[in-house]
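Data first, discussion second: the structure below is written as structure tokens.
The values are calculated or read from the model by the stated rules, or taken from the named source; none is laboratory data. Please read all numbers here as calculations on a predicted model, not as lab measurements. Methodologically, a virtual Cβ is constructed for each residue, glycine included, from the backbone with ideal geometry; neighbour enumeration extends over all protein chains shown. We work out accessible area using only protein heavy atoms, side chains counted, and drop any ligands, DNA or RNA first. Shrake-Rupley method; radii C 1.70, N 1.55, O 1.52, S 1.80 Å.
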Amino acid sequence: MNFRVVFLEVFFIVLLKSSVLSQSRFNIGIESQYLQSTNDKLQPHYQYSNKWGIIDQFDNSQGILIGNLDCSILNKKGISLNTCITGVLKNKTKESFLHEIYLNAKFLHFIDLNIGKQAWSPLSSHDDLIVGGFMRNANARPVPRIQIGMFDYQIVPFFNELFSIKGGLSHGILDDERLKLGKDNEAKNVQIHEKWLYVKLNKMNLQPYIGLFHGALMGGERANGDKIPVDYWSTFLGTGGSKITTIDATNAIGAHDGYWDVGLDYYSKLFNVHFYIQKPFADKTGLLLYKLRNKDYKIGAFVELKTVRRIKNISLEIFRTDYQAGYGLPDPLYPKGHPKAGQIIWLEEIENYDEFMLEVFNEITNGYDKSDVRNYMIELLDYGYDYGGRDDYNNNGLYYNGWTYYGHPMGMPLYHTYYMAKAYAPDWEPNNDVIFVNNRVKGFHIGIEGELFNSLDYILKSTYSKNYGSYGEEYIKRHSWEKDPEFFYKGGKSQWYSNLSFFYSNKNWGNLNFKTSISYDIGELYSAFGIMFGLEVQVN
């Protein structure tokens with residue numbers, strides 16, 4: 001299926017209907033920005049992160065013009081339609097691109113349908129003030145998708161309005177350039193499957209909720225033309241399959257990432273509070289919380305003050321992603337000296353465990369089962385750590401580029417790619433088996449938003465992170481216990497990211513608004529100071 005062709009056909013068929021056009025309402029937006037960094041290789045973090053991939057993080061001087069046309073096509077009882085197209089024109093014109101083009105529909109006031117590229121997330125909110133969500137955030141460019149579901153909370157019938165739910169199903173394609181380095185595990189036109197479900201308790205000022213997001217990369221085409229088979233239902237369920245390789249048949253097919261989201265909302269006359277605990281995962285060791293292998297988190301509170309002018313919103317977050325199910329190897333390996341040395345031991349495929357122990361470890365056993373063999377290998381080969389560790393968030397050996405789109409992380413914005421690390425550590429030679437060489441971070445974040453004077457608003461953000469690289473870089477390989485002596489992030493490296501933005505509007509200016517910001521990054525990774533100036537105007 002050519003996603004873009006199908007969308008454009010639907011888009012123009014709808015627009016050509018004269019009966020629809022007669023009811024259309026248009027909004028036009030134009031925005032210009034100029035950004036400058038003192039670092040000749042990098043923009044400061046908050047000048048490009050959580051901005052839908054519009055800003056190039058590696059270009060220290062940029063001029064940008066953004067044009068937007070939004071059209072409400074139909075708004076009748078039971079159905080509404082709207083569409084939008086957004087283009088980004090850069091001073092380096094070859095880098096200009098179509099940013100958004102989509103069609104939104106709502107049926108019966110609760111069923112949502114979205115087709116195209118839209119800078120919108122069904123899950124992550126307030127990305128302009130928080131550090132950024134684990135998945136489906138505002139960091140990368142919008143991916144072309146088809147999405148259906150209930151994107152806003154809807155009351156569940158027959159339960160006296162006690163519960164509300166929201167959820168959705170999405171299928172898209174990563175159509176960016178993904179064959180840059182000539183690696184065997186690079187693939188283009190990778191498909192992306194996503195789904196989410198949230199349940200919330202109503203009827204109280206204190207409303208707890210629980211949600212789950214799951215995403216997977218699948219399919220695609222190698223540089224030599226080989227297509228990666230797709231087993232959709234196995235990917236959907238996160239189970240093994242038989243279409244790819246023995247490894248994928250044993251593990252869940254595809255590159256899986258997701259997170260649990262548990263929290264509560266409190267509403268009062270003076271303030272509202274959104275409190276949340278999010279737990280990321282990349283496989284079942286993280287997904288199954290009762291196994292206590294998931295020690296990573298983001299804990300946050302977003303406070304909306306209703307009666308305070310100077311401070312309207314506050315974001316507080318602490319986070320860690322450095323554990324990733326522990327130091328234990330992802331899978332047991334045949335030991336040195338064995339004909340299969342370095343290959344994965346698939347315990348499920350062993351017919352006689354006593355014969356296996358004698359052949360591989362020269363141990364005479366009687367009545368050993370799978371659990372006995374596993375425990376033996378944990379003590380002998382894995383230094384007492386349980387297997388199933390080193391989860392490697394947003395990375396996957398089958399897909400070198402992992403969860404990136406046009407070079408920007410689709411997951412947590414604080415993760416650093418190979419290209420990012422080479423910008424601030426050019427002399428370091430990473431293994432570079434997968435694109436995220438720094439996805440183990442921990443730290444804290446504060447964001448404050450308010451109004452200084454009439455028509456002058458501000459946003460202040462500051463984030464501290466300790467960066468530990470990745471298991472696949474700390475060791476010679478992700479499945480190795482041999483440490484890399486040249487590991488750049490040894491012991492963890494500290495970094496601060498800060499930003500202060502101002503937004504000014506004057507009633508005498510009509511719909512013309514001015515904004516500016518200063519950003520400053522400093523630490524053991526790099527230093528960068530940046531400024532931004534911008535103007536925007538809306539025409540209804």
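Results, tabulated for the structure shown:
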quantity	calculated
Hits in region 82-138 (condition: over 28 Å from residue 257 (Cβ atoms), open to solvent by 30 Å² or more (accessible area, probe 1.4 Å) and either of a type in the set (A, V, I, L, M) or outside any loop (DSSP other than H, G, I, E, B) (or both))	82, 85, 89, 93, 94, 95, 106, 107, 108
Index of the failed condition, residue 384 passing every other in (1) small (Gly, Ala, Ser); (2) touching a residue at least 60 places away in the same chain (Cβ under 8 Å); (3) more than 23 Å from residue 39 (Cα to Cα); (4) not in a strand (DSSP E or B)	(2)
Single condition residue 277 does not satisfy, out of (1) β-branched (Val, Ile, Thr); (2) without any contact (Cβ under 8 Å) to a residue 40 or more places away in the chain; (3) open to solvent by 70 Å² or more (accessible area, probe 1.4 Å)	(3)
Considering residues of region 53-77 that are under 30 Å from residue 110 (Cβ atoms) and in contact with a strand residue (DSSP E or B) (Cβ under 7 Å, 6 or more places away or on another chain) only, the residue most open to solvent (accessible area, probe 1.4 Å)	69
Subset of region 512-525 that is part of a strand (DSSP E or B) and among the charged types (D, E, K, R) - its residue that is least open to solvent (accessible area, probe 1.4 Å)	521
Answer residue from region 284-307, given it is among the aromatic types (Phe, Trp, Tyr) and touching a residue at least 12 places away in the same chain (Cβ under 8 Å) and is farthest from residue 390 (Cα to Cα) among those	302
Within region 308-325, tally of residues that are among the aromatic types (Phe, Trp, Tyr) and either free of Cβ contacts under 8 Å to residues at least 24 places away in the same chain or outside any loop (DSSP other than H, G, I, E, B) (or both)	1
Hits in region 471-528 - residues which are of a type in the set (Ser, Thr, Tyr) and more than 15 Å from residue 437 (Cβ to Cβ)	480, 494, 497, 498, 501, 504, 505, 516, 517, 519, 520, 527
Search result, residues across region 186-226 that are basic (Lys, Arg), in a loop (DSSP other than H, G, I, E, B) and closer than 23 Å to residue 410 by Cα	222
Positions within region 34-49 being polar (S, T, N, Q) and surrounded by fewer than 23 Cβ atoms within 10 Å (Cβ to Cβ), in sequence order	36, 38, 39
Test result for residue 348, more than 30 Å from residue 435 (Cα to Cα) and open to solvent by 90 Å² or more (accessible area, probe 1.4 Å)	yes
Selected residue (criterion: nearest to the chain's Cα centre (by Cα)) from residues of region 139-149 that are in a strand (DSSP E or B) and not polar (S, T, N, Q)	145
Residue 137 being modelled with pLDDT of 95 or more, of a type outside the set (Gly, Ala, Ser) and at positive phi	no
Residue identified as out of contact with any helix residue (DSSP H, G or I) (no Cβ under 6 Å at 6 or more places or on another chain), modelled with pLDDT of 95 or more and either surrounded by fewer than 17 Cβ atoms within 10 Å (Cβ to Cβ) or closer than 30 Å to residue 176 by Cβ (or both) among 405, 323, 383	405
Residues (open to solvent by 40 Å² or more (accessible area, probe 1.4 Å) and either outside any helix (DSSP H, G or I) or in contact (Cβ under 8 Å) with a residue 40 or more places away in the chain (or both)) located in region 352-379	352, 362, 363, 364, 366, 367, 368, 369, 374
Unmet criterion (only one of (1) in contact (Cβ under 8 Å) with a residue 12 or more places away in the chain; (2) farther than 25 Å from residue 131 by Cα; (3) of a type in the set (Lys, Arg)) for residue 76	(1)
Within region 399-511, strands (runs of 3 or more DSSP E) holding 2 or more residues that are within 20 Å of the chain's Cα centre (by Cα)	436-438, 441-453, 456-467
Conditions (1) of a type in the set (A, V, I, L, M, F, W, C); (2) over 30 Å from residue 388 (Cα atoms); (3) open to solvent by less than 60 Å² (accessible area, probe 1.4 Å); number of the one not met by residue 436	(2)
Given (1) open to solvent by less than 50 Å² (accessible area, probe 1.4 Å); (2) over 27 Å from residue 469 (Cβ atoms); (3) out of contact with any strand residue (DSSP E or B) (no Cβ under 7 Å at 6 or more places or on another chain), number of the condition residue 301 does not satisfy	(3)
